[in-house]
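Accompanying notes for the structure given below.
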Amino acid sequence: MAAAEAGAGASTATQAKSSAAGVKQALISLSDKTELAYLGNGLQALGFSIISTGGTASSLEAAGVNVTKVEQITKFPEMLDGRVKTLHPSIHGGILARRDQEHHLKALNEHGIGTFDVVVVNLYPFYNKVTSGVISFEDGIENIDIGGPTLIRAAAKNHKDVLVVVDHEDYPALLEYLRGKQDDQQFRKMLAWKAFQHVASYDSAVSEWLWKQSNKGEIFPPNFTVPLSLKSTLRYGENPHQKAAFYGDKSLSLVNAGGIATAIQHHGKEMSYNNYLDADAAWNCVSEFESPTCVVVKHTNPCGVASRQDILEAYQLAVKGDPVSAFGGIVAFNTIIDEDLAKEIREFRSPTDGQTRMFYEIVVAPGYTEKGLEILKGKSKTLRILEAKRSGKGMLSLRQVSGGWLAQESDDLTPEDITFTTVSERAPQDNELSDAKFAWLCVKHVKSNAIVIAKNNCMLGMGSGQPNRLESLRIAFRKAGEDAKGAALASDAFFPFAWNDAVEEACQNGIGVIAEPSGSIRDSDAVDCCNKYGVSLLFTGVRHFRH
């Protein structure tokens, strides 16, 4: 008797499996209906029965595709303003049932549930909705998809038996796969990975939005996800033996934030790993200035900075600040590059010999006139020409360390945000104070230990990245030469010693004004030293370390 019952059970499961295999079903529910007609007609031509929902079903029918609506399968109408459509055993049972488990198929057969071989779903446009402008909290909540992610996750989990597609660009590959009657598990796994990643990115946007809605004063959430999207595979990393890629950050906070990641490349070789780092440093620096400014960067350090109402003069002065370093560097402008400026960039000769035409890896600016762009393209086939939007303020800065990440607010302070307090006997003249502020704005973009010498809105010399501040100061003076006399000097951090050290050396070299944060136990020595030499000393109260 038991044997007979077991045999009957096996027979029932086999019939269910056979039935499931004989009826190919595809479930399609899309918010973004790009290429829907192509997909629907392609699946129908392959003998699939199409099950669909609401607007997707209507679009398919309009394209001449025969459709069975979900409610005909579930025997239950859409309800709660569309919140409940596919959340039903007749749908999820047909997706999650394993075809190699006879008891799964028997259960489907007992309840009259058919299997799904293909699930094509994308989600409510939550990201676009909450970044398109001011929306109410309630409207944001209504744009959180529930049924879609559930379908996607179910199909992705059972990818061995169900093909899940979330991107219209995968429709041709899906149809080609089905036409070939293949059983390529790698293809299925890749679709499943893409599906889970799609849902993860979607959930990260919802999570970020909800955190900001409920914790307006807190910067650092206890947990968060950074949704990265591959933009390009790079030739190599910092060095040729390192593989590398470039990812865009899809965080809501970075929408319309500008910066190099969203820059348009008009011309030249593909960007490299180091190109991105250098271009980012140049663009972040030049974006700080309100007056027409040119910044030249080499290895992420500004080696030339100048501001002038005449941008051509600013460019010439920026290059002259350190023409040896400028050669092969990145040149950035905060003004549109027109025909005249483009000609100057193309033809300008190195101040070192007056003959060698200056060579750059990258030119970056907020825009180009048609003629200006044409002229720049003629400078070199390899010259990378970038158009970028001004970098935003108030961003969260992330940096990786082994096994973790550091997060901090971006360093957005400008000279207008702080007070330059005179602590010496001699107060700076107006032009000296202006020079000090310019130098201070430059030094925040130089790697520590950082010293900048500037005069007349032009950086004359800088020292960067030295283990001690005195060496950075000496490098800056060597570059500035005799022009340092009467100039302003800015330091990114306080001077630990004054006498027979950096402060006294600066005074002896003819500096007119020094700007530094203060904070040393020997600050009084710096004051006394400056008083001895008649140099103005300004305390800013703000440090600008850059590691």
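The values are calculated or read from the model by the stated rules, or taken from the named source; none is laboratory data. No experiment lies behind these values; they were computed from the predicted model shown. Every residue, glycine among them, receives a Cβ derived from its backbone with ideal geometry; neighbour counts consider all protein chains shown. The area values use the complete protein model at the heavy-atom level, side chains included, leaving out ligands, DNA and RNA. Shrake-Rupley method; radii C 1.70, N 1.55, O 1.52, S 1.80 Å.
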Nearest-ten-degree value, helix 311-320 long axis tilted from longest Cα axis of the chain: 70 degrees
Any idea what the relative contact order of the stretch 421-539 is, in percent, if you count C-alpha pairs under 8 Å spaced at least 6 apart? 29 percent
Counting only the heavy atoms of the protein chains, how much of E374 is accessible to a 1.4 Å probe, in Å² to the nearest 10? 110 Å²
For the chain, give the magnitude of the charge dipole about the Cα centre (Cβ charges: +1 Lys/Arg, -1 Asp/Glu; no others), in debye to the nearest 20. 1480 debye
Everything considered on the Cα gyration tensor (a ≥ b ≥ c; rounded for a/c under 1.5, else prolate if a/b is larger than b/c, else oblate), the stretch 260-387 must be described as rounded
Roughly how far apart, in whole Å, are the Cα centres of the stretch 491-547 and the stretch 197-267? 40 Å
For T335, T225, give me the order by solvent-accessible area with a 1.4 Å probe, most accessible first, ignoring ligands, DNA and RNA. T225, T335
Given the options G42, W193, I146, identify the residue whose Cα lies farthest towards the positive end of the charge dipole of the stretch 25-215 (+1 on Cβ of Lys, Arg; -1 on Cβ of Asp, Glu). W193
How far is helix 2-22 tilted off the main Cα axis of the chain, in degrees rounded to 10, range 0 to 90? 60 degrees
Separation between Cα centres of the stretch 116-192 and the stretch 451-482, rounded to whole Å: 56 Å
Mind grabbing the accessible area of L230 for me, 1.4 Å probe, Å², rounded to tens? 90 Å²
Over 26 Å [Cα-Cα, the stretch 421-539], rounded percent: 5 percent
Kirkwood-Stokes translational diffusion coefficient of the chain, alpha-carbon pairs, 10 °C, 1.306 mPa s, µm²/s: 57 µm²/s
Cross-link pairs beyond the 22 Å C-alpha cut-off, checked among K320/K393; K320/K485; K129/K212; K231/K269; K106/K157; K231/K371: K320/K393; K231/K371
Just to confirm a number: summing +1 for Lys and Arg and -1 for Asp and Glu over residues other than S229 whose beta-carbon lies under 14 angstrom from that of S229, what do you get? 0
So what is the calculated 222 nm ellipticity per residue for the chain, using -39500 (n - 2.57) for each DSSP H run with n of 4 or more, over all residues, to the nearest 500 deg cm²/dmol? -11500 deg cm²/dmol
What is the angle, in °, between the Cα long axis of helix 523-533 and the longest principal axis of the Cα atoms in the chain? Nearest 10 is fine, range 0 to 90. 40 degrees
Could you tell me which GluC sites (Glu not before Pro) in the stretch 129-224 are loop residues by DSSP with no more than 10 other beta carbons within 10 angstrom of their beta carbon? E218
The correct ranking of W283, W405 by accessible area at 1.4 Å, largest first, is W405, W283
